[in-house]
Amino acid sequence: MSTPWPGSIRPRGSRLDKLHAKLAAALSLTMLAACAASPETEERVNKSIKLGQSLEVNSTPSIFVNGRLIPPIGNNGLNYDQLKALVQFEIEHAGR
């Protein structure tokens with residue numbers, strides 16, 4: 001969309017800026033809807049779901065280290081320092 005103000009010097013909050021934001025949002029929603037409705041997207045989503053099921057992923061985010069599913073971080077799972085130590089251990093013992 002062409003404007004009389006180049007890029008970042010367009011007045012913020014101007015009517016043109018608000019119109020541009022609305023137009024961008026509408027285009028994004030239209031593009032999103034078209035993408036979601038396409039057979040290619042459905043195929044990709046189904047493939048991703050099958051992969052997750054085959055790896056026994058049952059929550060997001062799920063973390064894998066060297067192909068092993070790591071318990072969730074936080075409540076009743078690993079904390080950050082434990083995860084960091086696990087990753088460091090794997091790095092130090094890679095290829096052994």
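The values are calculated or read from the model by the stated rules, or taken from the named source; none is laboratory data. Please read all numbers here as calculations on a predicted model, not as lab measurements. Neighbour counts are summed over all protein chains in view; Cβ atoms, including those assigned to glycine, are modelled from backbone coordinates with ideal geometry.
Here are the numbers:
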quantity: Close pairs from the range 16-33: first free of Cβ contacts under 8 Å to residues at least 12 places away in the same chain, partner hydroxyl-bearing (Ser, Thr, Tyr), Cβ under 9 Å, at least 6 apart; calculated: Asp17/Thr3
quantity: Test: residue in the range 73-96 that is at pLDDT below 80, of a type outside the set (Asp, Glu) and surrounded by 10 or more Cβ atoms within 10 Å (Cβ to Cβ); calculated: yes
quantity: Per-region count, the range 48-72, residues assigned to a loop (DSSP other than H, G, I, E, B) and loosely packed, with under 10 Cβ neighbours inside 10 Å; calculated: 5
quantity: Residue within the range 29-47 that is assigned to a helix (DSSP H, G or I), under 30 Å from Gly67 (Cβ atoms) and of a type in the set (Gly, Ala, Ser) present; calculated: no
quantity: Residue pairs meeting the criteria (Cβ under 7 Å; at least 6 apart or on separate chains; first within 20 Å of Lys84 (Cα to Cα), in the range 52-73; second assigned to a strand (DSSP E or B) and modelled with pLDDT under 85); calculated: Ile70/Leu78; Pro71/Leu78
quantity: The range 32-47 - residue that is of a type in the set (D, E, K, R) and more than 18 Å from the chain's Cα centre (by Cα) and, of those, surrounded by the fewest Cβ atoms within 10 Å (Cβ to Cβ); calculated: Glu40
